[in-house]
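To keep things clear, I will list the structure first and then write my remarks on it.
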Amino acid sequence: MKWLYLAGIVGGTVCSDLLQSHGMRQGNGRAWKLPLAVGFMAVSFFSFTQLLRIAPLSFAVPASAASIAFDTVLAGFILKERIEFRRWAGAILVAGGVILLAQ
Amino acid sequence: MRLRVWLLTFVVVVANVGGNAILGYAMKQAPVEAGVIGSILQPLAMVGIAVLIAWMLLRMRLLGLADLSFVVPVTAVGYVLSALAGVFWLHESVPLRGWIGTVIIMAGATLTGLTEHNPDSENRPVEVLAHSGEDRPR
């Protein structure tokens, strides 16, 4: 169950970030993207509170940083941002840290 | 650096770690039968949520006073300090692998954040720049 909640946190945060970023940059679609982003933010927050019920704080907070790695990858593929080497390196470090926590 | 920035930085870090720790403690105390809404409507959970909202607003204020390259590592330190709060306040046990993972996450978050100095320039997609009527990056 804790992985489901973590997926809710990471998925909600990433969807919210992508929608906010795209919505704020592009006037077209802002009206629906930003409210939808707030909805995903709520999903992420509720998932975080529920994860805290069943998992240690020392796991929940660092593991939620996995969204940074997904944000970076999807910013490149969906938002067509140019991702520099240091950002990839940072995302890989975060992913590696989360994998260590998960074991 | 000005004293005001250091004080605000201290408050931001304390609010981040404190909010997470209070919320974590409150959620562990929630009765099993309390649902999603019921669990966050406990008084202590609402205090934790209020502290986290204050953290978010204070961090925005700090971003207005200090460089992103200063604020981002401060935020990333919160991952390690939250784990420490879990150990010392909530009596959690973290294996060595967990500490190594947490420190690696902090380093990765810092490295990723430090590359976001100038979001308005070269990283913006060309079609977005064209749509917004702005000049192309020089």
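Using just the helices of the protein assembly as shown, give the 222 nm mean residue ellipticity in deg cm²/dmol: DSSP H runs with n ≥ 4 each add -39,500 (n - 2.57), and the total is spread over all residues, rounded to 500. Don't skip to the end; give the middle numbers.
Numbers: 11 runs with 187 residues, N = 241.
So the helix-based figure for the protein assembly as shown works out to -26000 deg cm²/dmol.
Could you calculate the FRET efficiency of residue A:92 with residue B:93 from 1/(1 + (r/R0)^6), where r is the beta carbon distance between them and R0 is 25 Å, rounded to 0.05? Could the numbers behind the result be given before it?
Numbers: r = 28 Å, r/R0 = 1.12.
Calculated transfer efficiency: 0.35.
Roughly what would the spin-label model give for residue B:29 and residue B:10, points 7 Å off Cα along C-beta, in nm?
With each label point 7 Å from Cα toward Cβ, the separation is 2.8 nm.
Expressed in nm², what is the orientationally averaged projection area of the convex hull enclosing the Cα positions of the protein assembly as shown? Display every interim value, and only then the final one.
Details: hull surface 56.0 nm².
Approximately 14.0 nm², given one-decimal rounding.
Enumerate by residue number the trypsin sites (Lys or Arg not before Pro) in the range A:61-103 meeting two conditions: DSSP loop (anything except H, G, I, E, B), and at most 15 other Cβ atoms within 10 Å of the site's Cβ. Numbers along the way, then the final one.
On the way: sites: A:80, A:82, A:86, A:87; in loops: A:80, A:82.
Taking the range A:61-103 and a limit of 15 other Cβ atoms within 10 Å, the loop trypsin sites (Lys or Arg not before Pro) found are A:80, A:82.
Over the C-alpha atoms of the range A:2-102, what are the Rg and the largest Cα-to-Cα span, Dmax, in Å?
Reported Rg and Dmax, both Å: 14.3, 42.
How many nm is it between the label spots at residue B:56 and residue B:41, if each spot is 7 Å from the Cα in line with the beta carbon?
2.1 nm
Taking the highest mean first, how do the peptides B:79-85, B:5-11 order by number of other beta carbon atoms within 10 angstrom per residue?
B:79-85, B:5-11
What does the convex hull of the alpha-carbon atoms of the range B:2-90 project to on average, in nm²? Don't jump to the answer; show the numbers that get you there.
Numbers: hull surface 24.5 nm².
Projected area, direction-averaged: 6.1 nm².
Using a simple charge model, +1 on the beta-carbon of Lys and Arg, -1 on the beta-carbon of Asp and Glu, nothing else, what dipole does the range A:2-102 show about its Cα centre, in debye to the nearest 20? Present the calculation step by step, with values, prior to reporting the outcome.
On the way: 9 positive and 4 negative charges, 27 e Å.
In total the dipole reaches around 140 debye.
DSSP loop trypsin sites (Lys or Arg not before Pro) in the range B:1-49 with at most 13 other Cβ atoms within 10 Å of their Cβ, which ones?
Values: sites: B:2, B:4, B:28; in loops: B:2.
Counting only loop positions with at most 13 other Cβ atoms within 10 Å, the trypsin sites (Lys or Arg not before Pro) in the range B:1-49 are B:2.
Every number in this text was worked out from the coordinates using simple rules, so none of it is lab data. These figures come from a predicted structure and were not determined experimentally. Virtual Cβ from ideal backbone geometry, glycine too; neighbours counted across all protein chains shown.
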